[in-house]
Amino acid sequence: MKITSIDVMQLKSGNAGSSRGAWSPVICRVNTDEGLCGYGEAGLAYGKGWRAGFGMIQDFAEAIIGMDAMKSELIWETIFRKTFWGMGGGTVVNAAVSAIDIALWDIKGKALNVPVYQLLGGKTNEVLRTYASQLQFNWGEKIDKQTLVTPDEYADVTKRVIAEGYNAVKVDPIIFSDRHDGKGPWKITGPLEKKVIRTVYDRVLAMREAGGDDLDIIVEMHSNTDTTAAIQIGQALEELRIFYYEEPCHPLNVENMVEIKNKVNIPIASGERLYTRYGYREFLEKRVLHVVQPDLCLCGGITEAKKICDMANTYDCQVQIHVCGSPISKAAALQIEAVLPNFLIHEHHQRALNPVSRASCLYDYQPINGFYEIPSLPGIGQEPTPETLAQCEIITISNARPYMS
């Protein structure tokens, strides 16, 4: 089954309900000479970088036109080793690799008429425990206020999420200042002023009191704190029984992460900005992470994520796939999470509630009472609607241009 062309497009799914800006999911469609096609996503829907990913997929597509779409491992190695920049890696490079790789697994599942999880070894998990993610941005399909400031607001959103059946939540309690609008001045690199630590503590305490002892609270720093600040905040929050502490410092500085781990009695999580098994190696060898968080649309796709998760399992690390993208990325994550024996919990992001984004694909997979069932359609079980595709500007690559040194 030969790859005949690869289409690259940005989903026109609008702003996905967050103060972090526009929502720009980039997906690709790999087409074959047998009429089957598969969809994948580059994990650059937020922040800045989607245009680079859009172009990088096109560049890599030129290197694999004409190859056998069923040979996903060979194609991964071809991009990695024969495009020069593949081995250099980085966010954009690996986002493009990921999009193509996920699409190939989608094709493989469709060709064999089985969900991807069967190709990865079959289910070890029948349902997937799920947490409500990024509650500092509020929660719901339609929200007016996207900046939570007071402890009462954090308590209120916690109660609303629990009412929907969740028993685990994630919050970044430091991203907004203590001012009424959540803006500065607000210095969050240490040593910290007492008022900053007190504000963070009071917000999380409000959530703990609203949720009770059975609620698991994940605290996310988004790497906005440095080592000193992360230690101060982590130690202050220890008594509130935090499920895990995510990206407390720069995501690529393993020694700083080690220092935090040694001084804070909360499990440490990171990984959405680590790419391929090579990026994870030192973090695992130094036993700094208790929870790894690869993003399928950034780490190298399903091919590489399975290797990362299996490698993490040898170090007794649990896995939470990072999910912050279109319904394509969610569907792919559910497939691999079904298989992992070291799966911990699934991330259901505030952005995933956005009605426009939800309507962009054929199936609206949502958790029920805090748990996901695993789609059993062939492939990843998701693709854009015809209406969505009709709105996209599609760039098609159909000519092979191998890298020549």
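The values are calculated or read from the model by the stated rules, or taken from the named source; none is laboratory data. In this text, all values refer to a predicted model and were calculated from it rather than measured experimentally. A quick note on method: Cβ atoms are made from the backbone with ideal geometry, for glycine too, and the neighbour counts reach across all protein chains shown. Side chains included, ligands, DNA and RNA excluded: accessible areas come from the protein's heavy atoms. Shrake-Rupley method; radii C 1.70, N 1.55, O 1.52, S 1.80 Å.
Across segment 120-129, which residue is surrounded by the most Cβ atoms within 10 Å (Cβ to Cβ) among those that are among the hydrophobic types (A, V, I, L, M, F, W, C) and within 19 Å of L296 (Cα to Cα)?
Filtering segment 120-129 for residues that are among the hydrophobic types (A, V, I, L, M, F, W, C) and within 19 Å of L296 (Cα to Cα), the one surrounded by the most Cβ atoms within 10 Å (Cβ to Cβ) comes out as L128.
Can you find a residue in segment 273-282 that is touching a strand residue (DSSP E or B) at 6+ places or on another chain (Cβ under 7 Å) and acidic (D, E)?
No, because not a single residue in segment 273-282 is touching a strand residue (DSSP E or B) at 6+ places or on another chain (Cβ under 7 Å) and acidic (D, E).
If a residue must be in contact with a Lys or Arg (Cβ under 8 Å, 6 or more places away or on another chain), hydrophobic (A, V, I, L, M, F, W, C) and farther than 22 Å from K145 by Cβ, how many such residues does segment 164-195 contain?
So the count comes out to 1.
Find the residue count for segment 281-313, including only residues that are open to solvent by less than 50 Å² (accessible area, probe 1.4 Å) and at positive phi.
Total meeting the criteria: 2.
At least 2 residues that are under 22 Å from the mean Cα position of the chain (by Cα) and crowded, with 19+ Cβ neighbours inside 10 Å in each: list the helices (runs of 4 or more DSSP H) lying fully within segment 8-119 that qualify.
By residue number, 50-64, 72-82, 91-112, 116-119.
Looking at (1) surrounded by 22 or more Cβ atoms within 10 Å (Cβ to Cβ); (2) over 17 Å from G234 (Cα atoms); (3) out of contact with any Gly (no Cβ under 8 Å at 6 or more places or on another chain), which one does A168 not meet, given that it meets all the others?
Of the numbered conditions (1) surrounded by 22 or more Cβ atoms within 10 Å (Cβ to Cβ); (2) over 17 Å from G234 (Cα atoms); (3) out of contact with any Gly (no Cβ under 8 Å at 6 or more places or on another chain), the odd one out for A168 is (3).
Looking at (1) open to solvent by 20 Å² or more (accessible area, probe 1.4 Å); (2) out of contact with any Leu (no Cβ under 8 Å at 6 or more places or on another chain), can you tell me which one I162 breaks?
Among (1) open to solvent by 20 Å² or more (accessible area, probe 1.4 Å); (2) out of contact with any Leu (no Cβ under 8 Å at 6 or more places or on another chain), I162 violates only (2).
Would segment 177-196 turn up any residue that is under 30 Å from F80 (Cβ atoms) and open to solvent by 10 Å² or more (accessible area, probe 1.4 Å)?
No, because not a single residue in segment 177-196 is under 30 Å from F80 (Cβ atoms) and open to solvent by 10 Å² or more (accessible area, probe 1.4 Å).
Yes or no: segment 146-159 includes at least one residue that is closer than 30 Å to L340 by Cβ and open to solvent by less than 50 Å² (accessible area, probe 1.4 Å).
Yes, there is a match, as at least one residue in segment 146-159 is closer than 30 Å to L340 by Cβ and open to solvent by less than 50 Å² (accessible area, probe 1.4 Å).
Step by step: first the residues of segment 365-405, then only those that are without any contact (Cβ under 8 Å) to a residue 60 or more places away in the chain and within 18 Å of the chain's Cα centre (by Cα), then the one that is farthest from T130 (Cα to Cα). Which residue is that?
Selected residue: Y365.
In segment 280-309, which residue that is assigned to a loop (DSSP other than H, G, I, E, B) and under 26 Å from W85 (Cα atoms) is nearest to the chain's Cα centre (by Cα)?
D295
From the set of residues in segment 326-350 that are in contact (Cβ under 8 Å) with a residue 40 or more places away in the chain, in a helix (DSSP H, G or I) and of a type in the set (A, V, I, L, M), which is farthest from A390 (Cα to Cα)?
Among them, the one singled out is I336.
Considering only residues that are part of a strand (DSSP E or B) and open to solvent by 20 Å² or more (accessible area, probe 1.4 Å), which ones fall in segment 351-396?
Passing the criteria: I368, F371, E373, I395, T396.
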